[in-house]
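> Structure in structure tokens, see below.
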Amino acid sequence: MPIKISNNRFKDIVHSNLQDQFMRSSMSGAQDGLRLSRLKIINELGDWEEWRSHGEEIRKHVLENLDYYLNELSDNVEKLGGYVYFAETAEEANRYIEDVARKKKAKKVVKSKSMVTEEIGLNKHLEAIGIEVVETDLAEVILQMDNNDPPSHIITPALHKSKEDIRKIFMEKLNYTKTSDPTELARHVRETKRDDFFTADIGITGCNFAIAESGSVGIVTNEGNDRLTTTIPKTQITVMGMERIVPTFEEFEVLVTLLIRSAIGQNITSYVSVLSGPKRMEDVDGPEEFHLVIVDNGRSKILGTEFQSILHCIRCAACINVCPVYRHIGGQAYNSIYPGPIGIVLSPLLGGYDDFKDLPYASSLCGACSQACPVKIPLHQLIHKQRQVLVEELDEVPIQEEVLYKTFGLGGASNVLYTTSTKMISSLMKTFIKDKKYISKGFGPIKEWTSNRDFPIPKSERFRDWFENRERRIKE
């Protein structure tokens, strides 16, 4: 399944990543930098909470009227001379794009960064039928050359790689001979990849937002590769999730403002491109044929449920940039192309609970993600709902945990058992206490905790005993 990036177990990846000091340092540094930049830039907007409320209102309105706006978008794209295809599944989307490629006898496509094409596994599908797929976003270029290494972040997919890692990849795959200076690395890729735009038969892009009133698609980038992807090849295909839509340019402006500031802490990116259908007579460049593929792939099943607000997401990664769990385990640990808090909620809904049932527990429920979200998605509450689904609807409770809580329930229901057991705890724990301060090597359910931090020792005097003694002393 394309959403799932490996067959490794969640716990195994987490244990491995916790030993990766470079990765953890890289994640921490990136989080700190992006968070501080974001805080600085959002204050320049005035009342940030008002902006967030407006963004939430727009996303909520669109999702509640999705049929209307999808029809309006489709009609307007076709009026411009483009083709629209609604794909219910990833397979349908891939087959349609394959059909277009076959009709054009395409041998090469160039792509700008797109999460939804990752989600449907488009690259692998096209390569299987003999079409060369060339990624053009710098981070995606790096990952593609490194044996299609999965992304670790939505905005900066190659965040887990060092400059030296990238230099080694370029030396092996691009005959690179210079230093690990980022400017030199980027310049070499630009010079090497430029010809691909001129020799590609098809350009494929994602879509940050589609504007229903004009039938346009809006793409936000910092590298300009999307403009070459959309203007040089004779055929353009844009792939979008069905929820990535706004009514008019007025709402587009609001959401782009929220997106850019929340994602990278900038006022504006280098390029905000708005494309409307194929090339017209008066245009000097642009594709001769334009296709818009609107992907469902499980999204319509979320509509009308308690998880609907997750479709408000504008893919800015602000929730990832403040998550304390992501900071320590890295993006690839989530085993999904969608990491962090957004991935915890979205991955089981799109990819199924069998593959992602561990994810809802990869959260401290601290609420930092909800506070950071520019469109006010209550992420930590949705993560808690995911846990409820696992326990109450799917009965996905570990045997040890079930036995533990049933035992606790029995003990808590009996005054004798509760009193006896709480009096014994302090004595039983003595074996594990170090220097009378903490427990460093736990057992059973606290073993995972003590493998990374110390566990406080239980007080020798129970609260009830302390309270009764206190009352007695006061009366005396």
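> Starting from a Cα-only point model with no solvent, please compute log10 I(q)/I(0) by Debye for the chain at q = 0.07, 0.12 1/Å.
Per q value, in the given order, log10 I(q)/I(0) is -0.44, -1.10.
> Calculate how steeply helix 182-199 sits against the longest principal axis of the alpha-carbon atoms of the chain, using the helix alpha-carbon long axis, and give the answer as 0 to 90 degrees to the nearest 10.
50
> Let me ask something else. Apply the a/c threshold of 1.5 to the C-alpha gyration tensor of region 59-142 and tell me whether it is rounded, prolate or oblate.
On the way: a/c = 2.12, a/b = 1.57, b/c = 1.35.
Because a/c hits 1.5 or more and a/b exceeds b/c, region 59-142 counts as prolate.
> What accessible surface, in Å², does a 1.4 Å probe find on His125, ignoring ligands, DNA and RNA and rounding to the nearest 10?
50
> Once a ≥ b ≥ c are taken as the square roots of the eigenvalues of the Cα gyration tensor of region 393-476, is the result rounded (a/c under 1.5), prolate (a/b larger than b/c) or oblate (a/b not larger than b/c)?
oblate
> Where nothing but the Cβ of Lys and Arg (+1) and of Asp and Glu (-1) is charged, how large is the charge dipole of the chain around its Cα centre, in debye to the nearest 20?
Approximately 2280 debye in magnitude.
> Using a 1.4 Å probe over the heavy atoms of the protein chains, calculate the carbon and sulfur portion of the accessible area of the chain as a whole percent.
Working: 12270 of 24260 Å².
Of all accessible area on the chain, carbon and sulfur atoms account for 51 percent.
> Per residue of region 293-304, in order, report the coupling 6.51 cos²θ - 1.76 cosθ + 1.60 (Karplus, θ = phi - 60°) as ³J(HN,Hα) in whole Hz, putting x for Gly and Pro.
Each residue's phi maps through the Karplus curve to give 9, 9, 9, 8, 6, x, 5, 5, 6, 7, 4, x Hz.
> Counting only residues 5 or more places away or on other chains, whose amide H sits under 5 Å from the amide H of Ile337 once H atoms are built in the peptide plane?
Ile5
> Still on this structure, please answer the following. Which peptide among 142-150, 423-431, 219-227 comes first, and what is the full order, when sorted by highest mean count of other Cβ atoms within 10 Å?
With the highest mean Cβ count within 10 Å placed first, the list reads 219-227, 142-150, 423-431.
> Give the residue from Leu34, Met429, Cys323 lying farthest towards the positive end of the charge dipole for the chain; charges sit on Cβ (+1 for Lys and Arg, -1 for Asp and Glu) and the dipole is referred to the Cα centre.
Highest projection toward the positive end goes to Met429.
> Right, here's the next one. Using only protein heavy atoms and a 1.4 Å probe, report how much of Trp466 is accessible, in Å² to the nearest 10.
Roll a 1.4 Å probe over it and Trp466 shows about 100 Å².
> Sticking with this structure for a sec: Give the calculated FRET efficiency between Arg102 and Ser53 to the nearest 0.05, with a Förster radius of 56 Å applied to their Cβ-Cβ distance.
Efficiency, rounded to the nearest 0.05: 0.75.
> Whole-Hz Karplus ³J(HN,Hα) for region 135-141, in order, using 6.51 cos²θ - 1.76 cosθ + 1.60 and θ = phi - 60°, x for Gly and Pro?
6, 10, 6, 3, 5, 5, 4
> Normalised by the number of residues in the chain, what is the relative contact order in percent for Cα pairs under 8 Å and 6+ residues apart?
About 20 percent, as a whole number.
> Still on this structure: DSSP loop trypsin sites (Lys or Arg not before Pro) in region 297-396 with at most 14 other Cβ atoms within 10 Å of their Cβ, which ones?
Answer by residue number: Lys301.
> Treat each spin label as a single point 7 Å out from the Cα along the C-beta direction, and report the Thr407 to Asp67 distance in nm.
Simple spin-label model gives 5.4 nm for this pair.
> With every protein chain present, what accessible area does Glu306 have (1.4 Å probe, heavy atoms only), rounded to the nearest 10 Å²?
Around 100 Å² of this residue is reachable by solvent.
> Once the Cβ-Cβ distance between Lys40 and Ile425 is put in as r, and R0 is 60 Å, what FRET efficiency do you end up with, to the nearest 0.05?
The value I calculate is 0.80.
> May I ask you to order 80-90, 390-400 by the average number of other C-beta atoms within 10 Å around their residues, highest value first?
80-90, 390-400
> May I pose another question? Given the -39500 (n - 2.57) contribution per DSSP H run of 4+ residues, what per-residue ellipticity at 222 nm results for the chain, rounded to the nearest 500 deg cm²/dmol?
-15000 deg cm²/dmol
> Continuing with the same structure: What are the radius of gyration and Dmax of region 1-114, computed over its Cα atoms and given in Å?
So, for region 1-114, Rg and Dmax equal 21.7, 56 Å respectively.
> Oh, and also: For region 86-198, with only Lys/Arg (+1) and Asp/Glu (-1) charged at the beta-carbon, what is the dipole magnitude about the Cα centre, in debye rounded to 20?
Numbers: 20 positive and 22 negative charges, 105 e Å.
Using only the charged Cβ atoms, the result is roughly 500 debye.
> Let a ≥ b ≥ c be the square roots of the eigenvalues of the Cα gyration tensor of region 274-315; is it rounded (a/c under 1.5), or, if not, prolate (a/b larger than b/c) or oblate?
prolate
> I'm checking a number: the convex hull volume of the Cα atoms of region 336-457, normalised per residue, in Å³. What is it? Don't jump to the answer; show the numbers that get you there.
Values: hull volume 18.5 nm³, N = 122.
Dividing the Cα hull volume of region 336-457 by its residues yields 152 Å³.
> In addition: Taking the simple approach of a point 7 Å from Cα along Cα-to-Cβ for both Thr89 and Thr248, what is their distance in nm?
4.0
> Got a sec to turn the phi values of region 35-40 into Karplus ³J(HN,Hα) couplings, 6.51 cos²θ - 1.76 cosθ + 1.60 with θ = phi - 60°, whole Hz, x for Gly and Pro?
Running phi through 6.51 cos²θ - 1.76 cosθ + 1.60 with θ = phi - 60° gives 5, 5, 4, 5, 4, 5 Hz.
> Which length gain, in nm to one decimal place, applies between Ile474 and Lys385 when the Cα-Cα distance is subtracted from 0.36 nm times their residue separation?
In short, 27.4 nm is gained.
> Taking R0 as 51 Å, what FRET efficiency do you get between Ser414 and Thr177 from their Cβ-Cβ distance, rounded to the nearest 0.05?
After rounding to 0.05, the efficiency reads 0.10.
> Here's a follow-up. If only Cα atoms are counted, what is the Rg of region 116-155, and what is its Dmax, in Å?
10.2, 29
> Determine the per residue accessible area of the chain with all protein chains present and a 1.4 angstrom probe, expressed in square angstrom. If you can, show how the numbers build up before the last one.
On the way: 24260 Å² over 476 residues.
Accessible area per residue, the chain: 51 Å².
> Please compute the modelled spin-label separation between Tyr361 and Arg453, points set 7 Å along Cα→Cβ, answer in nm with one decimal.
1.8
The values are calculated or read from the model by the stated rules, or taken from the named source; none is laboratory data. Everything numeric here is computed off the predicted structure, so don't read it as measured data. Methodologically, a virtual Cβ is constructed for each residue, glycine included, from the backbone with ideal geometry; neighbour enumeration extends over all protein chains shown. Heavy atoms of the whole protein, side chains included, go into the accessibility calculation; ligands, DNA and RNA do not. Shrake-Rupley method; radii C 1.70, N 1.55, O 1.52, S 1.80 Å.
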